[in-house]
Amino acid sequence: MEDVMRGLIVPGLNGSGPDHWQTLWEKRYGFERVEQCDWENPDVAVWVKTLDAAIMAHPEPLVLVAHSLGCFTVILLAGLYVDHTNRVQSALLIAPPDIASSTALPDSTKGFAPHNPGKLPFPSVIVGSKNDPYMKPETAQDLASAIGSRFVNAGFVGHINVDSGHGPWPQGEVLLQNLINKKSLDKCFPVV
């Protein structure tokens, strides 16, 4: 990375395993993982408080790198702890699920669906895919618009996890670097 930036990895349901791009970035960039007490049965209040505590433990600006349900943990935090969000430099929100419509998610995730989310008080990018089984690209784009986030369609890349072939994820790293260094995001992914 051109600029040294502290980062927090914000995994989703079931955490991110050892071959997941989030784990690889954690090791490569020295980012810290937000450790939830229960990855299988998420409690929205606990997850948001845990993320807030991790943010408040760092006096310097942070980049948040969230995947799946972790994206909504970030979005909800921004609405509940507005006075703490000045410690967030930016957020990369990868493959948020459609909590309200997905039948593949456990009932414990339903509380993460934000009702009328406001604009995030920090720059953010939502990355969606044309074939994510948990979120249609149009729904991801609508979410990005609702929270004032830039939307990037990564193409046919599934849920952007190990199951979809994303251990190492070089395009995501370029996107992260460009977000941190405030460069153009337009050339991170080929036009699809």
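Residue 70: more than 14 Å from residue 90 (Cβ to Cβ), in contact with a Ser or Thr (Cβ under 8 Å, 6 or more places away or on another chain) and of a type outside the set (Val, Ile, Thr), yes or no?
Details: more than 14 Å from residue 90 (Cβ to Cβ): yes; in contact with a Ser or Thr (Cβ under 8 Å, 6 or more places away or on another chain): no; of a type outside the set (Val, Ile, Thr): yes.
Answer is no for this residue.
Residue-wise test of (1) surrounded by 18 or more Cβ atoms within 10 Å (Cβ to Cβ); (2) of a type in the set (Gly, Ala, Ser).
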position	(1), (2)
77	yes, no
100	no, yes
103	no, no
117	no, no
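Each row is one residue, and each column tells you yes or no for (1) surrounded by 20 or more Cβ atoms within 10 Å (Cβ to Cβ); (2) closer than 16 Å to residue 67 by Cβ.
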position	(1), (2)
14	no, yes
19	no, yes
27	no, yes
33	no, yes
44	no, no
51	yes, yes
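Answer yes or no as to whether residue 136 is closer than 29 Å to residue 86 by Cβ and modelled with pLDDT of 90 or more. Can you show your working first?
Numbers: closer than 29 Å to residue 86 by Cβ: no; modelled with pLDDT of 90 or more: yes.
In short, no.
Cβ-Cβ below 7 Å, separation at least six or inter-chain, first residue in the range 138-150 and in contact (Cβ under 8 Å) with a residue 40 or more places away in the chain, second part of a helix (DSSP H, G or I) and surrounded by 15 or more Cβ atoms within 10 Å (Cβ to Cβ): which pairs?
Short answer, once both residue conditions are applied: 147/75.
Among what's in the range 10-35 and is more than 15 Å from the chain's Cα centre (by Cα) and assigned to a loop (DSSP other than H, G, I, E, B), pick the residue that is nearest to residue 110 (Cα to Cα).
Among residues in the range 10-35 that are more than 15 Å from the chain's Cα centre (by Cα) and assigned to a loop (DSSP other than H, G, I, E, B), the one nearest to residue 110 (Cα to Cα) is 17.
Within the range 153-168, restricting attention to residues that are surrounded by 22 or more Cβ atoms within 10 Å (Cβ to Cβ) and over 13 Å from the mean Cα position of the chain (by Cα), which residue is modelled with the lowest pLDDT?
Residues of the range 153-168 surrounded by 22 or more Cβ atoms within 10 Å (Cβ to Cβ): 154, 157, 160-161, 166.
Now drop any that are not over 13 Å from the mean Cα position of the chain (by Cα), which leaves 154, 157, 166.
On the way: 154: 90, 157: 91, 166: 78.
Only one residue fits best here, namely 166.
Taking interchain pairs and intrachain pairs at least six residues apart, which have beta carbon atoms under 9 angstrom, with the first residue in the range 74-85 and touching a residue at least 24 places away in the same chain (Cβ under 8 Å) and more than 11 Å from residue 49 (Cα to Cα) and the second part of a helix (DSSP H, G or I) and small (Gly, Ala, Ser)?
85/78
The values are calculated or read from the model by the stated rules, or taken from the named source; none is laboratory data. Since this is a predicted model, take the numbers as computed values, not measurements. Note that we place each Cβ from the backbone using ideal geometry, even for glycine, and neighbour counts take in every protein chain shown.
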